[in-house]
């Protein structure tokens, strides 16, 4: 698999929490570079996995892994937000376990236009151009001051949202903002360089989430995923920022209260100190798992 995809996080914890069973059928709805899927396949020779991803490049790259496990791995191109239609179309399921890793892959960050604060590319940010037409460039140049403030605060929790937006509006009157460098430079000149992360990071996060409807997709995915499990099957979700984790936490709590699920992880599982040292992207990862009730 391509090394440009992000190194899968919480591998041991995922194996443990999914409680892999002989003969089980599992679904990885964020196949990416295939790291989690490979580990699951290698952990038990008697399971089968369906890998789903809305990035066509991930599916094409995944053919190499499918060739290694031709009888045990099936790849499907599609968004987990459309899980119900995908499962119905391909006539697959129910599952013994479903895994969702909501993190952005290193391939997307470094190879897709618009994702990196440090690479100068077109201000696009779409994970799949086939699924979404509006780009980050469209939003930055066409949205109102109020709309931009709401996006930066709601999806990036950016405390400097208002002054940043005012500066963006000033700049776009002079010249359309078309590249990541233009946007990053505008914010850096206003905020300064201090801190461990680039000052434009939260704005970029907010735009990426908004462009790709990431939180809406999670809302659409969670109930369908739980419904697609066999009784006793488990849904494991890995989140990388508080907005995602909050969605998962609240959904699991609601299902527990309804009696449809049992929360396996009493609190979010984080990466070990060893993993954090080896893989910096794991530092913000949180894993939560719920088991579907038999009733």
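Assorted remarks:
- Highest-fluctuation residue, 148, 190, 99 considered, GNM on the chain with Cα pairs under 10 Å: 190
- Neighbour-count ranking [beta-carbon atoms within 10 angstrom, fewest first] of 171, 255, 216, 71: 71, 216, 171, 255
- From its DSSP helices (H runs of at least four residues, each -39,500 (n - 2.57)), the chain gives a residue-normalised ellipticity at 222 nm of -13500 deg cm²/dmol.
- Residues within the reach of a label modelled at residue 133 (point 7 angstrom out along Cα to beta-carbon, backbone nitrogen below 18 Å), restricted to segment 202-220, are 211-213.
- Here the Kirkwood formula puts the hydrodynamic radius of segment 133-211 at 12.3 Å, using every distinct Cα pair.
- Volume of the convex hull of the chain (Cα atoms only), normalised per residue: 132 Å³.
- Note on the chain: GNM, Cα springs under 10 Å; of 68, 170, 274, the largest mean-square fluctuation is that of 274.
- Calculated from the alpha-carbon coordinates, segment 8-98 shows an Rg and a Dmax of 12.1, 32 Å respectively.
- Restricting attention to the chain, close to 40% of DSSP beta bridges with both partner residues there are antiparallel.
- Residue ranges 233-242, 117-126, 194-203 sort as 233-242, 117-126, 194-203 when ordered by packing (mean number of other C-beta atoms within 10 Å per residue, highest first).
- Cβ-Cβ FRET estimate between residue 64 and residue 173, R0 fixed at 45 Å, reported to 0.05: 0.40
- For the residues 74, 278, 182, a GNM of the chain with alpha-carbon springs under 10 Å puts the largest fluctuation on 278.
- Look at where the Cα atoms of segment 207-255 and of segment 138-206 average out, and the two centres are 27 Å apart.
- Multiplying the residue separation of residue 162 and residue 142 by 0.36 nm and removing their Cα-Cα distance gives an extension gain of 5.6 nm.
None of the figures in this text is laboratory data; all of them are computed from the coordinates on show. Just so you know, these numbers come straight off a predicted model, no measurement behind them. Positions of Cβ are backbone-derived with ideal geometry, glycine not excepted, and every protein chain shown enters the neighbour counts.
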